[in-house]
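Have a look at the structure below, then the notes.
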Amino acid sequence: MPRFLTVSLLVVQIAIVASCTSRPSADTKPSSALKVALLTPGPVSDAGWNAAAYQGLELIKDKLGADTALVQTKSPADFEDAFRDFASRGFDLIFAHGFEYTDSALEVSRSFPKTYFVVSSGSESSANVASITFNVDQATYVEGVLAAGVSKTGVVGAVGGIELPSIKLFFEGFKRGFLSVQPKGRILISYTGNFDDVGAAKEAALAQISQGADVLIHNADAAGLGLFLAAQQAHAYAFGVFTNQNNVAPDVILASAVTSTPLAFLKIATEVKDKTFHPGMLEFGMQDGMVSVVFNPKLESQIPPAALERARKVEHDLATGQLSLSPTVLPPAPAK
């Protein structure tokens with residue numbers, strides 16, 4: 001009997017701040033309020049990666065009374081212009097939500113030493129540039145463990161947008177969790193080359209399903225909806241990412257790997273406001289409550305009890321530090 005996909009994507013009204021014809025210098029602060037901007041590589045209506053960042057910006061506005069602004073960059077050619085626009089207008093803090101912003105942030109930051117630049121999943125830092133990393137591979141490891149307990153074929157699939165280091169690490173966590181339970185299993189990984197082509201993600205997922213994959217995970221932002229559509233069509237299971245996507249497709253999503261991006265953004269903005277912020281390579285994970293797994297209660301009855309118990313135990317052990325994903329201390333794979 002077919003399952004019907006209920007899509008409840010986050011709807012957000014985006015206010016884009018227009019460029020001024022006459023811009024004050026980097027040192028000019030026309031308002032005493034904290035000024036915080038956000039750059040995203042895709043729409044904040046994706047119910048995932050970009051939506052989480054927008055929620056962080058809104059939380060900063062609500063809790064700190066900050067003046068906020070948002071822009072979606074269409075291509076890498078827009079990165080430096082967007083950074084310079086906000087910095088030249090006296091913004092104190094600029095979040096750039098993606099690894100791909102790293103080089104541009106480092107370049108522009110040299111001209112605006114009083115502005116802090118914070119890059120999600122960034123690879124470098126400087127005197128006024130910070131990179132924040134969420135150890136979401138801990139959550140995808142748990143999802144991999146759960147996938148292994150649910151999969152009947154021993155084959156799972158992963159669909160990504162662009163092949164970035166952070167996405168490869170994301171899938172590596174899922175792969176390791178899956179193989180820890182099904183050491184002879186297979187994981188199929190493919191990339192669509194972008195984060196907004198729903199059709200391409202659906203086709204990639206269907207191709208994996210045709211090769212036996214019966215549990216799927218994505219890291220494709222808005223295009224991830226295509227994977228959920230494929231899972232619904234083929235009666236497969238899937239996992240949500242970054243935000244709690246369980247209600248986006250409640251009949252196919254077993255659980256969501258969630259990052260507390262809003263809380264991390266608020267923490268950083270608060271420190272900037274209090275003048276206690278120290279840029280660097282900032283890391284958040286399960287042990288500090290910034291990464292978690294949210295199981296879908298609507299599908300728990302379809303998960304073998306032993307598989308659910310095993311996944312919950314792995315989650316607990318990662319959160320309490322009893323289990324580490326470091327290759328040197330990862331324990332032997334548990335028996336299925």
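The values are calculated or read from the model by the stated rules, or taken from the named source; none is laboratory data. All figures in this text were calculated on a predicted structure; none of them were measured in a lab. Here the Cβ is made from the backbone with ideal geometry for all residues, glycine too, and neighbour counts use every protein chain on show. Heads up: the accessible areas ignore ligands, DNA and RNA and are worked out on the full protein's heavy atoms, side chains in. Shrake-Rupley method; radii C 1.70, N 1.55, O 1.52, S 1.80 Å.
List of remarks:
Residue-wise test of (1) among the β-branched types (Val, Ile, Thr); (2) at pLDDT below 95; (3) in a strand (DSSP E or B).
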site: Val293; (1), (2), (3): yes, no, yes
site: Lys298; (1), (2), (3): no, no, no
site: Ala306; (1), (2), (3): no, no, no
site: Ala311; (1), (2), (3): no, no, no
site: Val314; (1), (2), (3): yes, no, no
site: Leu318; (1), (2), (3): no, no, no
site: Leu325; (1), (2), (3): no, yes, no
site: Val329; (1), (2), (3): yes, yes, no
site: Ala333; (1), (2), (3): no, yes, no
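- Any hit, segment 128-140, residues being modelled with pLDDT of 95 or more, aliphatic (A, V, I, L, M) and open to solvent by 30 Å² or more (accessible area, probe 1.4 Å): no
- Inspection of segment 100-114 identifies no residue that is surrounded by fewer than 24 Cβ atoms within 10 Å (Cβ to Cβ), of a type outside the set (A, V, I, L, M, F, W, C), farther than 20 Å from Pro279 by Cα and in contact (Cβ under 8 Å) with a residue 12 or more places away in the chain.
- Across segment 125-141, the number of residues qualifying as more than 13 Å from the chain's Cα centre (by Cα), hydroxyl-bearing (Ser, Thr, Tyr) and not in a strand (DSSP E or B) comes to 3.
- Here Ser151, Ser180 are screened, and the one residue that is over 20 Å from the mean Cα position of the chain (by Cα), under 19 Å from Val291 (Cβ atoms) and at pLDDT 95 or above is Ser180.
Condition check ((1) within 17 Å of the chain's Cα centre (by Cα); (2) farther than 22 Å from Ala158 by Cα; (3) assigned to a helix (DSSP H, G or I); (4) not charged (D, E, K, R)) across all residues:
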{"site": "Gln233", "(1), (2), (3), (4)": "no, no, yes, yes"}
{"site": "Asn246", "(1), (2), (3), (4)": "yes, no, no, yes"}
{"site": "Pro262", "(1), (2), (3), (4)": "yes, yes, yes, yes"}
{"site": "Ile268", "(1), (2), (3), (4)": "no, yes, yes, yes"}
{"site": "Phe277", "(1), (2), (3), (4)": "no, yes, no, yes"}
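- Annotation note: of Gly144, Gly122, Gly157, the sole residue that is buried (at least 22 other Cβ atoms within 10 Å of the Cβ), in a strand (DSSP E or B) and of a type in the set (Gly, Ala, Ser) is Gly157.
- Just one of the listed residues (Ile189, Ile162) is outside any helix (DSSP H, G or I), at pLDDT 95 or above and either farther than 21 Å from Asp46 by Cβ or open to solvent by 50 Å² or more (accessible area, probe 1.4 Å) (or both), namely Ile189.
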